[in-house]
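Everything on this sheet refers to the single structure shown next.
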Amino acid sequence: MKLLADENMPFVQELFGDGAEIVTCPGREIRPEQLRDVDVLLVRSITRVDAALLAEAERLSFVGTATIGCDHIDTELLARRGIAFASAPGCNKVAVGDYVLAALLRVAGHKGWSLKDKTLGVVGVGNTGVEVAARARALGMTVLLCDPPRALKDTTAFVGFEQALGADIVSFHVPLTHGGDHPTWHLLDQDAIAGLSDDQVLINACRGDVWDNRALLARQQLAHQQGSSQLTLVMDVWEHEPEVLASLVPHVLLATPHIAGYSLEGKARGTFALYRALCEQQQVSMRHTPEQLLPPPPIGAVYLNQAPDQALVASLVRLVYDIEQDDTAFRQALGQPGFFDRLRKQYPQRRELGSVLLSGMTDAGEALGFKV
Ligand SMILES: NC(=O)C1=CN([C@@H]2O[C@H](COP(=O)(O)OP(=O)(O)OC[C@H]3O[C@@H](n4cnc5c(N)ncnc54)[C@H](O)[C@@H]3O)[C@@H](O)[C@H]2O)C=CC1
Ligand SMILES: O=C(O)C(=O)[C@H](O)COP(=O)(O)O
């Protein structure tokens with residue numbers, strides 16, 4: 001069996017090395033002719049798997065993406081050609097929860113806000129949105145959930161998009177879709193942006209195209225020229241990645257290169273989900289476990305001797321994940337050729353808050369994502 005994998009997918013050798021010849025390649029450089037004799041293709045979000053890529057892939061029987069999002073995969077084509085497909089739903093939802101928690105605390109520091117007096121609108125309440133909502137509630141925030149597809153079945157738990165957009169902070173967690181009843185491409189468009197007030201905060205850790213980046217830039221530039229407050233923006237994802245609208249970056253509080261989901265645990269779960277799916281497809285039993293993939297965390301345990309207020313939570317989170325380091329690296333590298341992909345390829349090992357055992361006064365610790 002020949003397997004071709006994105007070179008940035010960790011643990012491929014450990015999980016698939018027993019029974020396969022493994023070839024790795026940068027995800028943006030996989031070419032149709034490379035797939036001629038390949039049986040299994042494992043990708044990440046940057047490889048578009050479509051008719052053009054699979055034109056010569058006559059032996060291909062399995063495609064896996066170690067990601068939650070599947071907007072880069074033509075799943076109908078795979079089904080038509082009888083090629084098995086697996087993704088990794090939920091694999092990095094905890095990492096996204098940690099990222100947004102770190103962002104909320106940084107925003108609060110910047111604005112001098114006590115988060116327990118603030119509302120958070122969560123747009124898209126699936127795997128990642130639920131993680132974010134739980135952490136925000138643990139901080140004492142009022143959370144408004146917006147998910148029109150889910151609201152069709154549960155009419156009481158959700159608010160409309162317009163109401164969610166009125167929250168102090170609005171965090172987006174939708175898949176990128178262009179059609180259907182609830183398309184998300186430019187969900188935050190020029191009209192939605194015009195309705196926002198200057199004091200609001202927006203977070204995008206889903207897909208860049210969900211926000212109209214040029215319309216946001218226009219609003220930020222106008223506010224700058226008029227000397228009024230700008231929107232506070234946290235952007236992990238950008239339209240047209242790996243390109244970035246560079247003139248928008250100075251108007252963004254936290255700018256990162258699509259790494260919200262990049263915990264070591266999240267990546268391990270992603271690759272493991274594909275290993276499990278391939279074992280099932282080939283009807284062989286699994287010889288590995290996800291736990292064996294992870295080294296011990298650098299910080300094993302923290303003992304608290306006082307109830308964690310917002311400042312202490314911020315220090316604790318920063319101990320495990322310092323979002324400002326990601327922002328600084330982004331700004332330093334912006335403009336260098338290939339900077340976006342390089343930062344992602346060389347991303348430092350990041351552990352989830354759940355890798356740290358919090359003991360002492362930890363009522364809120366579990367909801368924030370720590371192990372208690
Ligand atoms: N920045 C990063 O590193 C990461 C980004 N992602 C992105 O985040 C997206 C969401 O991930 P999950 O929460 O795991 O997906 P999910 O599929 O579990 O949840 C998505 C939710 O969005 C809802 N939704 C769909 N259209 C909507 C609309 N128009 N308005 C409001 N809600 C809508 C769905 O009903 C669903 O409940 C992924 O599709 C992926 O593109 C995911 C992981 C990491
Ligand atoms: O899971 C998803 O969906 C994501 O956006 C991934 O975290 C992105 O990682 P890459 O596949 O782009 O390395």
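The values are calculated or read from the model by the stated rules, or taken from the named source; none is laboratory data. Predicted, not measured: the structure shown is a model, and the values here were computed from it. FYI the Cβ positions are ideal-geometry reconstructions off the backbone, even for glycines, and counts take in every protein chain you see. Side chains included, ligands, DNA and RNA excluded: accessible areas come from the protein's heavy atoms. Shrake-Rupley method; radii C 1.70, N 1.55, O 1.52, S 1.80 Å.
Under a point spin-label approximation (7 Å from Cα along Cα-to-Cβ), what is the Leu152-Gln190 distance to one decimal in nm?
Distance between the two pseudo-spin positions: 3.0 nm.
For the stretch 1-155, what number results from the quotient of the Cα radius of gyration and 2.2 N^0.38 Å?
After normalising by residue count via 2.2 N^0.38 Å, the value is 1.35.
Translational diffusion coefficient of the stretch 121-179 at 25 °C, 0.890 mPa s, Stokes-Einstein with Kirkwood Rh over Cα pairs, in µm²/s as a whole number.
Once the numbers are plugged in, D ends up at 212 µm²/s.
Between Ile169, Ile323, Ile22, where does the largest GNM mean-square fluctuation fall for the chain, given springs only between Cα atoms within less than 10 Å?
Ile22
Give the aspartates and glutamates whose C-alpha is closer than 18 Å to that of Lys267, dropping any in the same chain fewer than 8 places away, or say none.
Reachable aspartates and glutamates: Asp6, Glu7, Glu14, Asp98, Glu131, Asp236, Glu291, Asp326, Asp341, Glu352.
Compactness ratio of the stretch 62-101: Cα Rg over 2.2 N^0.38 Å, N = residue count?
1.44
Compute the projected area of the convex hull of the Cα atoms of the stretch 157-200, averaged over all viewing directions, and report it in nm² to one decimal place.
Value for the stretch 157-200: 3.7 nm².
Highest GNM mean-square fluctuation, the chain, Cα pairs closer than 10 Å: which of Leu231, Leu319, Leu115?
Result: Leu319 has the largest fluctuation of those listed.
Test of understanding: extend the Cα→C-beta vector of Gln349 to 7 Å, then name every residue of the stretch 236-261 with backbone N under 20 Å from that spot.
What the label zone holds, given the 20 Å backbone N cut-off, is 259-261.
Comparing Trp238, Trp211, Trp185, which has the greatest mean-square fluctuation in the GNM of the chain with Cα pairs linked when under 10 Å apart?
Trp185
Pulled fully out, how much extra length does the chain show between Leu319 and Glu21, if you take 0.36 nm times their separation in residues and subtract their Cα-Cα distance? Could you put the intermediate results ahead of the total?
Details: separation 298, 0.36 × 298 = 107.28 nm, distance 4.01 nm.
Stretched out fully, the Leu319 to Glu21 stretch lengthens by 103.3 nm.
For the stretch 233-372, give the percent of accessible area contributed by carbon and sulfur heavy atoms, probe 1.4 Å, rounded to a whole number.
Of all accessible area on the stretch 233-372, carbon and sulfur atoms account for 52 percent.
Show that you can apply the helix-only estimate: for the chain, add -39,500 (n - 2.57) for every DSSP H stretch of four or more residues, divide by all residues, and state [θ] at 222 nm to the nearest 500.
The helix contribution divided over the chain gives -9000 deg cm²/dmol.
When ligands, DNA and RNA are left out and all protein chains stay put, how many square angstrom of accessible area per residue does the chain have with a 1.4 Å probe?
Here the per-residue accessible area is 45 Å².
Just grab the label-to-label distance for Glu280 and Thr142, each label 7 Å out from Cα along the Cβ direction, in nm (one decimal).
In this crude label model, Glu280 to Thr142 measures out at 4.2 nm.
In whole percent, what relative contact order does the chain give with Cα contacts below 8 Å and a gap of six or more residues? It would help to have the intermediate numbers written out before the result.
Details: 691 pairs, mean separation 57.3, N = 372.
Once divided by the residue count of the chain, the mean separation gives 15 percent.
Considering the zone a paramagnetic label at Gln332 would reach in this model (a point 7 Å from Cα along the Cα-to-Cβ line), which residues of the stretch 250-272 have amide N under 13 Å from it?
Output list for this probe position: empty.
Quick one: dipole size for the stretch 156-305, taken about the Cα centre, charges +1 on Lys/Arg Cβ and -1 on Asp/Glu Cβ, in debye to the nearest 20.
Values: 7 positive and 16 negative charges, 123 e Å.
Approximately 600 debye in magnitude.
Given all pairs of different Cα atoms, what value in angstroms does the Kirkwood hydrodynamic radius of the stretch 182-318 take? Before the final figure, lay out the partial values.
Numbers: mean 1/r = 0.0535 Å⁻¹.
Evaluated over the stretch 182-318, this radius sits at 18.7 Å.
Could you give the length gained by full extension between Glu29 and Lys111, i.e. 0.36 nm per residue of separation minus their alpha carbon distance, to one decimal place? Before the final figure, lay out the partial values.
Numbers: separation 82, 0.36 × 82 = 29.52 nm, distance 4.24 nm.
This chain segment gains 25.3 nm when fully extended.
Mean Kyte-Doolittle of at least 0.5 and a Cα length of 15 Å or more along the axis: which whole DSSP H helices of the chain meet both?
Working: long enough: 93-111 (27 Å, 0.75); 127-138 (17 Å, -0.12); 213-226 (20 Å, -0.92); 264-281 (26 Å, -0.23); 310-320 (16 Å, 1.71); 323-333 (16 Å, -1.07).
Those that clear 15 Å and a mean of 0.5 are 93-111, 310-320.
Would you count, across the stretch 1-160, every pair of lysines whose alpha carbons are under 29 angstrom apart, provided the pair is eight or more residues apart or spans two chains? Intermediate results must be reported in sequence, preceding the final value.
Numbers: Lys93/Lys111; Lys93/Lys116; Lys93/Lys118; Lys93/Lys153; Lys118/Lys153.
The result is 5.
List the residues whose amide H sits under 5 Å from the amide H of Ala5, counting only those 5 or more places along or on another chain, with H placed 1.01 Å from N in the peptide plane.
Answer set, sorted by chain and number: Val23, Thr24, Cys25, Leu42.
Under the Kirkwood approximation for Rh and a Cα-based Rg, what ratio Rg/Rh is obtained for the stretch 280-372?
Across the stretch 280-372, the Cα-based Rg/Rh ratio is 1.12.
Report the equivalent ellipsoid semi-axes for the chain in whole Å, largest first, defined as the square roots of five times the eigenvalues of the gyration tensor built from alpha carbon atoms.
They are 34, 25, 20 Å, listed largest first.
I'd like the trypsin sites (Lys or Arg not before Pro) in the stretch 18-114 restricted to DSSP loop residues with at most 15 other Cβ atoms within 10 Å, sorted by number.
Here the sparse-neighbourhood loop sites are Arg36, Arg48, Arg59, Arg81.
Less than 11 Å Cβ to Cβ from Arg48, Lys/Arg counted +1 and Asp/Glu -1: what total charge do the surrounding residues give?
Once positives and negatives cancel, what remains is -2.
Counting Lys and Arg as +1 and Asp and Glu as -1, each charge on the Cβ, what is the dipole of the stretch 72-201 about the Cα centre in debye, to the nearest 20?
It works out to roughly 500 debye.
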